[in-house]
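Data first, discussion second: the structure below is written as structure tokens.
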Amino acid sequence: MKKVFILPFLVAISFLTKAQETAPDHYIFSIYFGGGSYYIDAEQEAEFYQWLESIPNFKQHQISVHSHTDDIGSQVYNEQLSQLRSEAARRRLLKKGVSSERISIEDFGELNPVYDNNTWEGKLKNRRVDIIIKPELL
């Protein structure tokens, strides 16, 4: 009877070990902004650089920058703000030696929100840039 309980436990441990041995298919870091701002403060910049350095060979991977805003203001204003935010993130990547050819940018503005813009918490979370690093397949 004990073998019935031990076997699933061993299978679970084996599965966890295999999952830990494989590299993730992508890494994501989000930088958050104040309302109407595209300024990246020193604390977030330091956290971003620390995260970036923790990814093996990050300069050799494809990097996508996805910029978002909340829905306050006009759609045109939010598109421009989104572009300014992604450019601020792109400059940080270039500063760390990432080739501009490896960086793609998608500015969503207020469109395609991940969080609910009908709540204050959702608006705060939608004011961000997501940096997505996808290791290239060998």
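The values are calculated or read from the model by the stated rules, or taken from the named source; none is laboratory data. Keep in mind that this is a model prediction, so the values were computed, not measured. Quick reminder, even Gly has a Cβ in these numbers, built from the backbone with ideal geometry, and neighbours come from all protein chains shown.
What the table below lists for this structure:
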| item | result |
| --- | --- |
| Filter result for the condition that a residue is on the phi > 0 side of the Ramachandran plot and buried (at least 20 other Cβ atoms within 10 Å of the Cβ), over Gly109, Gly97 | Gly109 |
| Condition broken by Val114, with the remaining ones in (1) surrounded by 13 or more Cβ atoms within 10 Å (Cβ to Cβ); (2) within 19 Å of Asn126 (Cβ to Cβ); (3) modelled with pLDDT of 95 or more satisfied | (3) |
| Options Ser74, Ser104: the member that is in contact (Cβ under 8 Å) with a residue 24 or more places away in the chain and either among the basic types (Lys, Arg) or surrounded by fewer than 20 Cβ atoms within 10 Å (Cβ to Cβ) (or both) | Ser104 |
| Helices (runs of 4 or more DSSP H) (entirely within the range 39-138) containing at least 2 residues that are closer than 18 Å to Tyr27 by Cα | 42-53, 75-95 |
| Hits in the range 55-75 - residues which are within 14 Å of Gly36 (Cβ to Cβ) and hydrophobic (A, V, I, L, M, F, W, C) | Ile72 |
| Unmet requirement for Ala42, which otherwise passes all of (1) hydrophobic (A, V, I, L, M, F, W, C); (2) surrounded by 13 or more Cβ atoms within 10 Å (Cβ to Cβ); (3) at pLDDT 95 or above | (2) |
